[in-house]
Number of protein chains: 2
Amino acid sequence: MAEPAKSSPLSELRIALPSLPLRLQEVGRFVAANDYDATTRSMRDLAAEAGADPAAFTRLAKAIGYSGWDELRAALTEARRPSQTAPFSGRTRGRRHGPNADVTLILDKLEAEAAGLPRIPAQPIAEAARALHESKRIWIAGYRSCRSVAELLNYELRLFRPEQVQLVGTSGPDDLDLGAFRPSEAVIVIGFLPYTHASVRVSQAAHRSGATLIAIADSLSAPMAEGADHVLLFEAASSPGFFPSLTGAIAIAQSLAAVTFSLGGAAAKKRLENTEARLTAASTYVPEKG
Amino acid sequence: MAEPAKSSPLSELRIALPSLPLRLQEVGRFVAANDYDATTRSMRDLAAEAGADPAAFTRLAKAIGYSGWDELRAALTEARRPSQTAPFSGRTRGRRHGPNADVTLILDKLEAEAAGLPRIPAQPIAEAARALHESKRIWIAGYRSCRSVAELLNYELRLFRPEQVQLVGTSGPDDLDLGAFRPSEAVIVIGFLPYTHASVRVSQAAHRSGATLIAIADSLSAPMAEGADHVLLFEAASSPGFFPSLTGAIAIAQSLAAVTFSLGGAAAKKRLENTEARLTAASTYVPEKG
DNA sequence: AGATTCATGCAACAAATGTTTCATGGCCGA
DNA sequence: TCGGCCATGAAACATTTGTTGCATGAATCT
């Protein structure tokens, strides 16, 4: 017999299952198959759905070593808790110094960031893009390291909406722009921990003005996400290293721009072509060699 | 006002948050920040941890349109149900046009970019970082969409080497800076197809001056990579979409900064701490809540 | 300044929760 | 067949749950 994985209450359950009375096995299997409901719904509720007696759940818990259903559920709940500490936390220890310490640091970082990208929720991006599409004007704000994201977004959106996109604070102090927000416009704020006062002020001004507020942030509880119509989440701290990762934010920004462009249809395409023609005429680019 | 993202109860909460009474905002923030506990633990329990009155939770739920806390929690529970977490199974199904065409576009894009990151060669980054570490001064140049990468790199490097890092072209025309390159310095140029004349001129000037040239590019044959001491490659076109992907370049930039910082040792750490202390003193950041 | 609205904490409430007890029914060994 | 054992369901239990009414205090309006 293999060593049981004692860590998870679910494995304890599975191990003890065969030696249990018939009815308790039934209930046990139900719990194992519906452990999410087990943590969220009430015992009686589960009993009704499983077609069993409520008491069976208490008996099951005691049979596998818990003081009662409450304790079992608490264990299940903890086992299910989303990893508050990133899975890559204790990663760099033990590696320490070595000739390739730098290289492994980079590899870890890249791997972690690659893992974070598919976890970005796509649906909110699509919804935010639609909001952008319907906005008369788009404001973009980002400070400190997030400024780079803001400027990228500004650049890409201006390629096909040149006169309707503007960075907050480029033509004077921020405060000048904060008063210019209008309900038919959209404001994009980018930020993550630690949050700057400036970004919070922008988002508050946007909310007050009635403009559509889109926040690109690392947490739903970010102060600039309060009152936002759309929040686009990425993982800033998921990667080892000294600075929060920006790949997620960049990926979101580019997806946002791409979908917004796609919504723009033929008109957007035409404007993009115009812009490119102008740049070519100004010989901005080095001609491709055949 | 734009159509709010009604899908998630958390977004409804965020939207309504700013217009709520003070105490309700407090518990609302607490719920948003601890939504997992909100679905699993009891109202009184949460109230004790949040340092608020249990009644506040009921009032919060009613304030944002639910019949009571029970209903809000049920909504949160459903929003968290893991059954929704199966987006990556049958992804490449006939996507074409449809209500979710945008979403699948985004998912494909993210997936492709995630796949590109681990393919970035780490060794050249480590070597380039060493070159940066030994440089008396660091110049950074990037144009158009690559400007965002340049500015990010500039920002992060300046955190611990404030007086030795400079963006090309910030204090006047580029040409002024181009004549200032010295052999003991390093010049970083970022660019990909189509290549701008400006970036090529910077790299040529760097090469002529004898400075160490580091190119972050999408191809070894990129004109700004000619004569470069270090070329850091990423895949710009790997992802579907209309704009070349910048996640690779961002990842490289951040890795470069991280390794350079790590090479800096205690001195770099000290300077970073000083910078952070100065920012805190200027109250740039919103203080974290306990 | 007085009146009024509103936010907020406290305490009591009914409903629902997990647990326990008890009676029943089936099973196996004498 | 009888007697002990245990699994099982129903009902009663004490506790905890979410809710609501009420008093207090601060802010706003007249």
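The values are calculated or read from the model by the stated rules, or taken from the named source; none is laboratory data. What you see is a predicted model, and the numbers here were worked out from it, not measured in a lab. For neighbour counting, all protein chains shown are included, and Cβ atoms are generated from backbone atoms with ideal geometry for every residue, glycine included.
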Could you tell me whether any residue of the stretch B:211-220 is within 14 Å of chain A (Cβ to nearest Cβ), touching a helix residue (DSSP H, G or I) at 6+ places or on another chain (Cβ under 6 Å) and farther than 21 Å from B:Ser255 by Cβ? no
Residue that is among the acidic types (Asp, Glu) and crowded, with 21+ Cβ neighbours inside 10 Å, where the choices are B:Asp229, B:Asp218: B:Asp218
Taking the stretch A:102-132 as the region of interest, how many residues are surrounded by 21 or more Cβ atoms within 10 Å (Cβ to Cβ) and charged (D, E, K, R)? 4
Return only the number of the condition from (1) within 14 Å of chain A (Cβ to nearest Cβ); (2) within 11 Å of DNA strand C (Cβ to nearest atom); (3) more than 18 Å from A:Arg41 (Cβ to Cβ) that B:Phe30 does not satisfy. (2)
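Take the residues of the stretch A:33-63 that are under 15 Å from B:Pro82 (Cβ atoms), assigned to a helix (DSSP H, G or I) and of a type outside the set (Ser, Thr, Tyr): which is nearest to DNA strand C (Cβ to nearest atom)?
Within the stretch A:33-63, the match that is nearest to DNA strand C (Cβ to nearest atom) is A:Ala38.
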Output for the stretch B:171-197, where each listed residue is surrounded by fewer than 20 Cβ atoms within 10 Å (Cβ to Cβ) and within 11 Å of B:Ala141 (Cα to Cα): B:Asp174
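Kindly establish whether A:Leu153 is touching a strand residue (DSSP E or B) at 6+ places or on another chain (Cβ under 8 Å) and under 22 Å from B:Leu10 (Cα atoms). I'd like the intermediate steps shown before the answer.
Working: touching a strand residue (DSSP E or B) at 6+ places or on another chain (Cβ under 8 Å): yes; under 22 Å from B:Leu10 (Cα atoms): no.
In short, no.
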Selected residue (criterion: farthest from DNA strand D (Cβ to nearest atom)) from residues of the stretch A:70-80 that are within 11 Å of chain B (Cβ to nearest Cβ) and among the aliphatic types (A, V, I, L, M): A:Leu76
Residues in the stretch A:22-34 that are more than 9 Å from DNA strand D (Cβ to nearest atom) and of a type in the set (S, T, N, Q): how many? 1
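Here is a yes/no grid of residues against (1) within 12 Å of chain A (Cβ to nearest Cβ); (2) surrounded by fewer than 19 Cβ atoms within 10 Å (Cβ to Cβ); (3) at pLDDT 90 or above; (4) within 14 Å of DNA strand D (Cβ to nearest atom):
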residue: B:Arg14; (1), (2), (3), (4): yes, no, no, no
residue: B:Pro18; (1), (2), (3), (4): yes, yes, no, no
residue: B:Tyr36; (1), (2), (3), (4): yes, yes, yes, no
residue: B:Thr39; (1), (2), (3), (4): yes, no, yes, yes
residue: B:Ser42; (1), (2), (3), (4): yes, yes, yes, yes
residue: B:Leu46; (1), (2), (3), (4): no, no, yes, yes
residue: B:Ala56; (1), (2), (3), (4): no, no, yes, yes
residue: B:Ala61; (1), (2), (3), (4): no, no, yes, yes
Return the only residue of B:Ser89, B:Ser67, B:Ser135 being surrounded by fewer than 20 Cβ atoms within 10 Å (Cβ to Cβ) and either within 13 Å of DNA strand D (Cβ to nearest atom) or modelled with pLDDT of 90 or more (or both). B:Ser67
Would you point out the residue of the stretch B:113-161, among those that are under 15 Å from B:Gly191 (Cβ atoms) and among the aromatic types (Phe, Trp, Tyr), that is farthest from the other protein chains (Cβ to nearest Cβ)? B:Trp139
Starting from residues that are more than 9 Å from DNA strand C (Cβ to nearest atom) and not in a loop (DSSP other than H, G, I, E, B), keep the ones in the stretch A:64-86 and report whichever is nearest to A:Glu235 (Cα to Cα). A:Arg80
